[in-house]
Amino acid sequence: MIIVMKPGFTQEELNEVVKAVESRGAEVDKIEGVATSVLGLVGDTAYIDPDELLTFKCVEKVLKVQEPYKKANKLFHPEPTIIDVNGTKIGGGHLGIMAGPCSVESEEQVVLIAKAVKASGANFLRGGAFKPRTSPYSFQGLELEGLELLKIAKQETGLPIVTELMSVEYLDRFVEDVDVIQIGARNMQNFNLLKEVGKTKTPVLLKRGMSSTIEEWLMSAEYIMSEGNENVILCERGIRTFETATRNTLDLSAVPVIREKSHLPIIIDPSHATGKRDLVEPLAKAAIAVGADGLMIEVHNNPAKALCDGKQSITPETFDEIMKKIEVYTELEGATI
Ligand code: PEP
Ligand code: MN
């Protein structure tokens with residue numbers, strides 16, 4: 001539910017409306033929008049009678065929000081959210097380019113890749129320390145050692161770190177060491193994990209579940225936001241369809257659909273979406289052209305020998321070419337990296 005206030009209301013009038021809402025068991029979310037005249041109601045609004053709210057002189061109108069997500073809803077926050085990761089921004093025309101190896105394999109590897117992607121224009125280092133592998137016999141990541149190596153690469157380059165958290169067990173370590181906590185596709189509906197990252201202030205990169213609808217994805221964002229952490233970046237990484245030519249099917253329409261429904265930034269991961277390195281360039285271009293707020297791209301110095309996702313990994317040289325080729329699309333969109 002949204003309360004649109006009449007212009008020129010006083011603080012006392014506002015307090016009375018807030019009191020009435022809270023006494024019925026709901027909460028008033030931040031006041032946003034034009035001339036700070038809109039109140040968003042969250043929580044249980046079942047006992048709130050819109051007609052009663054209309055009896056307050058300062059209330060212009062009361063709108064019902066049809067969608068089950070509230071804090072993630074554009075109606076609650078009409079302006080695009082810009083997430084500030086210690087000075088690097090994503091959203092509202094600021095592109096986040098996250099690049100790095102699927103798995104951190106050694107200090108030499110991650111530092112080399114970090115330096116290369118930075119020189120090409122990436123503004124985040126993305127590397128996996130804890131890897132959610134389909135097979136228990138596949139390389140599971142260097143885990144805490146991988147996290148230490150990411151920190152070294154950050155020290156060497158200044159690039160903020162994005163890495164996946166799979167269990168609440170390591171949440172405190174991640175809050176301490178990581179700039180953006182990635183929640184992977186397989187954990188998009190791990191609601192306990194979502195609630196716990198929601199209790200922190202660390203920005204969260206929420207990947208779309210491989211068989212999740214956009215509404216389910218936004219409800220997962222709502223889980224994080226409802227706990228107080230509103231720094232959520234969405235990442236489309238392809239969905240399961242009948243098509244087998246690519247690893248997944250990249251749902252590019254998710255970008256304009258999310259734009260219509262939510263204020264949260266959304267980036268595209270063409271690497272996991274296709275599973276094929278030759279498709280990374282065309283879909284990276286398309287992602288920027290369709291209005292995405294950034295990209296996540298897997299880069300490896302020796303893709304043939306990568307311990308994870310080598311087939312979709314591109315070399316630092318190819319990454320450099322792609323970065324040059326997307327410049328024109330970035331300019332057309334009026335965006336900056
Ligand atoms: C990843 O980003 O390394 C990853 C495993 O991706 P996803 O969760 O999208 O499958
Ligand atoms: Mn990967």
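The values are calculated or read from the model by the stated rules, or taken from the named source; none is laboratory data. The structure presented is a predicted model; accordingly, all values stated were derived computationally and were not measured. Cβ sites come from the backbone with ideal geometry, for glycine too, and all protein chains shown count toward neighbours. SASA here: full protein model, heavy atoms, side chains in, ligands and nucleic acids out. Shrake-Rupley method; radii C 1.70, N 1.55, O 1.52, S 1.80 Å.
Out of the DSSP beta bridges found with both residues in the chain, what percent are antiparallel (nearest 5)?
Working: 18 of 44 bridges.
Of the beta bridges lying entirely in the chain, close to 40 percent run antiparallel.
Per the helix-only calculation at 222 nm, which mean residue ellipticity applies to the chain, given -39500 (n - 2.57) for every DSSP H run of n ≥ 4 and division by its residues, nearest 500 deg cm²/dmol? Kindly include the intermediate steps, with their values, before the conclusion.
Numbers: 11 runs with 113 residues, N = 337.
Using -39500 (n - 2.57) per qualifying helix, the result is -10000 deg cm²/dmol.
With a 1.4 Å probe and every protein chain kept in, tell me what percent of the accessible surface of segment 2-63 is carbon plus sulfur.
On the way: 1920 of 3660 Å².
The computed percentage sits at 52.
Which value, in debye to the nearest 20, describes the size of the charge dipole of segment 2-63 about its Cα centre when Lys and Arg Cβ atoms bear +1, Asp and Glu Cβ atoms bear -1, and nothing else is charged?
Details: 6 positive and 12 negative charges, 35 e Å.
So the magnitude is around 160 debye.
Suppose every Lys and Arg Cβ carries +1 and every Asp and Glu Cβ carries -1, with no other charges. What dipole size does the chain come out with about its Cα centre, to the nearest 20 debye? All intermediate terms of the calculation are to be shown ahead of the outcome.
Numbers: 37 positive and 50 negative charges, 130 e Å.
With only Lys, Arg, Asp and Glu charged at Cβ, the dipole is about 620 debye.
Only sites in a loop by DSSP and with at most 13 other Cβ atoms within 10 Å count here; which chymotrypsin sites (Phe, Trp or Tyr not before Pro) in segment 130-237 make the cut? Before the final figure, lay out the partial values.
Numbers: sites: PHE130, TYR137, PHE139, TYR170, PHE174, PHE191, TRP217, TYR223; in loops: PHE130, TYR137, PHE139.
When the chymotrypsin sites (Phe, Trp or Tyr not before Pro) of segment 130-237 are filtered for loop state and at most 13 Cβ neighbours within 10 Å, TYR137 remain.
Report the extension gain between GLU79 and GLU331 in nm, rounded to one decimal, defined as 0.36 nm multiplied by the number of residues separating them, less their alpha carbon distance.
Numbers: separation 252, 0.36 × 252 = 90.72 nm, distance 2.11 nm.
Net length gain for the segment: 88.6 nm.
Any idea what the relative contact order of the chain is, in percent, if you count C-alpha pairs under 8 Å spaced at least 6 apart? Walk me through the intermediate numbers first.
Numbers: 716 pairs, mean separation 54.6, N = 337.
The normalised contact order for the chain reaches 16 percent.
Within straight cross-link reach of LYS6, meaning Cα distance under 26 Å, which lysines are found once same-chain residues fewer than 8 apart are removed?
Cross-link targets: LYS19, LYS30, LYS57, LYS61, LYS64, LYS70, LYS71, LYS74, LYS261.
With a 1.4 Å probe and every protein chain left in place, work out the accessible area per residue of segment 2-63 in Å², rounded to a whole number. Write down the numbers at each step before the final one.
Working: 3660 Å² over 62 residues.
Ligands and nucleic acids excluded, the figure is 59 Å² per residue.
When the dipole is taken about the Cα centre of segment 212-337, and only Lys, Arg (+1) and Asp, Glu (-1) are charged at their Cβ, what size is it in debye, to the nearest 20? Let's see the in-between values first.
Values: 12 positive and 21 negative charges, 96 e Å.
So the dipole magnitude of segment 212-337 works out to roughly 460 debye.
Can you list the cysteines of the chain that have no other Cys Cβ under 4.7 Å away?
CYS58, CYS235
³J(HN,Hα) across segment 294-306 via Karplus (A = 6.51, B = -1.76, C = 1.60, θ = phi - 60°), whole Hz, x for Gly/Pro?
x, 9, 10, 10, 8, 10, 9, 6, 9, x, 5, 10, 4
Can you find, among PRO256, VAL4, VAL18, the residue sitting farthest towards the positive end of the charge dipole of the chain, where Lys and Arg contribute +1 and Asp and Glu -1 at Cβ?
With unit charges placed on the Cβ atoms, the residue in question is PRO256.
Determine the per residue accessible area of segment 78-149 with all protein chains present and a 1.4 angstrom probe, expressed in square angstrom.
Numbers: 2910 Å² over 72 residues.
The answer is 40 Å² per residue.
Counting only protein heavy atoms and a 1.4 Å probe, tell me what percentage of segment 74-332's accessible area is made up of carbon and sulfur.
50 percent
What residue among CYS308, ASN229, TYR47 has its Cα farthest toward the positive end of the dipole of the chain, where the charges are +1 on Lys, Arg and -1 on Asp, Glu, each on the Cβ?
Most positive-ward Cα: CYS308.
Using the basic label-point model (7 angstrom from Cα toward the beta carbon), what is the GLU216 to LEU112 distance in nanometres?
Computed distance between label sites GLU216 and LEU112 equals 4.0 nm.
Run the numbers for VAL175 and ASN192: contour at 0.36 nm per residue of separation, minus the present Cα-Cα distance, in nm. Don't jump to the answer; show the numbers that get you there.
Details: separation 17, 0.36 × 17 = 6.12 nm, distance 1.65 nm.
Additional length available on full extension: 4.5 nm.
With the dipole of segment 102-197 worked out from charges on the C-beta (+1 for Lys and Arg, -1 for Asp and Glu) around the Cα centre, which of GLN189, THR157, VAL168 lies farthest toward the positive end?
Projecting each Cα onto the dipole axis, the largest value belongs to GLN189.
Which lysines, on any chain, are close to LYS118 with Cα under 27 Å apart, when same-chain ones fewer than 8 places away are left out?
The qualifying lysines are LYS89, LYS131, LYS151, LYS154, LYS201, LYS207, LYS276, LYS285, LYS305, LYS311, LYS324, LYS325.
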